[in-house]
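A short worksheet on the structure shown next.
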Amino acid sequence: MSDGFAGVDVGGGGIRVRIESGGQDAYGEDGAPVPREGGRVDLERLATRIATVVENACGIPAELAGMAVGVTGLPGLVREPGTLWRALGERLGLGTLVVAGDTVTTHVGALGFRPGVVVAAGTGVITLGTDLDRVWNQSDGWGHLLGDHGGGAWIGMHGLQAALRAHDGRAGGSPALLDHLTARFGHPLDLVALVYESGSPAHQLASFAPHVADAARAGDPVARGIWTEAGRQLGQTAAAAATGLEPVFSWGGRLFDAADLLMEPFQSTVRDLLPAARFTPPRGTSADGALALARAAAGGEVRPRDPYVYVFAASPSRTGAGAAPPPPRTR
């Protein structure tokens, strides 16, 4: 498969891979949480898992002309992106490797290299407004303790808080969500131990978001209000990232599968803040965007943009890997 390309999406919900070679597609997935060490993404263990998914999807040991990996936590929680090149370059016979934030691959997947704002929402939330050249506006992406407002972990956390209020008999509780809590986790004390002893609390919190959606669709006003507020939070985040760009907006990530609960408050909030806003449905997923980046990098069309995009190549002169890019405009 030396003529092949692979796009890898590494999010809070696991690893998703799309491979193209000889006109054929292959797909792979690993749904385990992203490995972490000391809060940061553990790139050594992540590389092993990526290679396994790619090789299983190919059915044979892979050789790929190019690969791009969109990683959650970049920028901020990924140290030494070159670790992935050292671990995967020779094993997979890579000609080029792009390591980018999953917000970049979601952006390319949604808008196809066009300028605009894309909200990436799954377990967490990060929004990128960019022209992929001089404008790089990040909004949110601060993790479940400091931000990620409106994301899956945020929704799950607020749903669990409402369930626990009902358990305690405090105002603002939801008996419906308490029923979902006990069905999913057992007694609230079991939930406390699971969340606080977890190596990935955000993953545990986000696992309750589908239950909040079920309760909302069944008519629970507390659950419905949580999803409405999530949409508003995402809309505020999106509008904040539009400085210096045409107000074109799209979205990506599994949270938007609940479009019936999320889309109206999201879009109406953006329009309240930016009346000229235009919305375009995403062309593809983060894995699709990573695949497009892999193709472009193999042709020398992707430049590194610290801290969002890193390019590595067997022949550095071909892609400009290692060149010092101009500093991005971030906020």
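Answer with yes or no whether Gly95 is within 18 Å of the chain's Cα centre (by Cα), surrounded by fewer than 24 Cβ atoms within 10 Å (Cβ to Cβ) and not assigned by TED's automatic domain parsing to the domain that holds Leu262. Step through it out loud before you land on a result.
Values: within 18 Å of the chain's Cα centre (by Cα): no; surrounded by fewer than 24 Cβ atoms within 10 Å (Cβ to Cβ): yes; not assigned by TED's automatic domain parsing to the domain that holds Leu262: yes.
The answer is no for Gly95.
With the structure loaded, tell me whether Leu74 is of a type outside the set (Ser, Thr, Tyr), part of a loop (DSSP other than H, G, I, E, B) and surrounded by 24 or more Cβ atoms within 10 Å (Cβ to Cβ) or whether it fails that test.
Working: of a type outside the set (Ser, Thr, Tyr): yes; part of a loop (DSSP other than H, G, I, E, B): yes; surrounded by 24 or more Cβ atoms within 10 Å (Cβ to Cβ): yes.
Yes, satisfied.
Matching residues to (1) modelled with pLDDT of 95 or more; (2) assigned to a loop (DSSP other than H, G, I, E, B); (3) under 20 Å from Arg18 (Cβ atoms); (4) not aliphatic (A, V, I, L, M):
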residue: Leu262; (1), (2), (3), (4): yes, no, no, no
residue: Ser268; (1), (2), (3), (4): yes, no, no, yes
residue: Gly284; (1), (2), (3), (4): no, yes, yes, yes
residue: Leu291; (1), (2), (3), (4): no, no, yes, no
residue: Val302; (1), (2), (3), (4): no, yes, yes, no
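Taking Thr280, is it of a type in the set (Val, Ile, Thr), under 18 Å from Gln138 (Cβ atoms) and either in contact (Cβ under 8 Å) with a residue 40 or more places away in the chain or touching a His at 6+ places or on another chain (Cβ under 6 Å) (or both)?
no
Of all the residues that make up segment 1-35, how many are more than 18 Å from Gly289 (Cα to Cα) and modelled with pLDDT under 75? I'd like the intermediate steps shown before the answer.
Residues of segment 1-35 that are more than 18 Å from Gly289 (Cα to Cα), as a first pass: 1-3, 22, 30-35.
Subset that is modelled with pLDDT under 75: 1-3, 22, 33-35.
Selection size over segment 1-35: 7.
When you look at Ala47, is it touching a helix residue (DSSP H, G or I) at 6+ places or on another chain (Cβ under 8 Å) and in a loop (DSSP other than H, G, I, E, B), yes or no? Walk me through it before giving the result.
Working: touching a helix residue (DSSP H, G or I) at 6+ places or on another chain (Cβ under 8 Å): yes; in a loop (DSSP other than H, G, I, E, B): no.
No: the conditions fail for Ala47.
I need the full set of residues from segment 296-311 which are surrounded by fewer than 19 Cβ atoms within 10 Å (Cβ to Cβ) and under 21 Å from the mean Cα position of the chain (by Cα), in order please. Spell out how you get there, then give the answer.
If we filter segment 296-311 for residues that are surrounded by fewer than 19 Cβ atoms within 10 Å (Cβ to Cβ), which is where we start, we get 299-301, 303, 306-307.
The answer is Asp306, Pro307.
Among the candidates Val69, Val54, which residue alone is over 29 Å from Gln233 (Cβ atoms), surrounded by 17 or more Cβ atoms within 10 Å (Cβ to Cβ), modelled with pLDDT of 80 or more and not assigned by TED's automatic domain parsing to the domain that holds Phe256?
Details: Val69 fails: over 29 Å from Gln233 (Cβ atoms).
Val54 is the lone residue from the list that is over 29 Å from Gln233 (Cβ atoms), surrounded by 17 or more Cβ atoms within 10 Å (Cβ to Cβ), modelled with pLDDT of 80 or more and not assigned by TED's automatic domain parsing to the domain that holds Phe256.
Restricted to segment 251-260, and to residues that are surrounded by 23 or more Cβ atoms within 10 Å (Cβ to Cβ) and among the hydrophobic types (A, V, I, L, M, F, W, C), which residue is farthest from Thr285 (Cα to Cα)?
The first filter runs over segment 251-260 and keeps only residues surrounded by 23 or more Cβ atoms within 10 Å (Cβ to Cβ), leaving 251-253, 255.
Retained after the next criterion (residues that are among the hydrophobic types (A, V, I, L, M, F, W, C)): 251, 255.
Working: Trp251: 9, Leu255: 12 Å.
Within segment 251-260, the match that is farthest from Thr285 (Cα to Cα) is Leu255.
The values are calculated or read from the model by the stated rules, or taken from the named source; none is laboratory data. Because the structure is a prediction, the values reported are computed rather than measured. Here the Cβ is made from the backbone with ideal geometry for all residues, glycine too, and neighbour counts use every protein chain on show.
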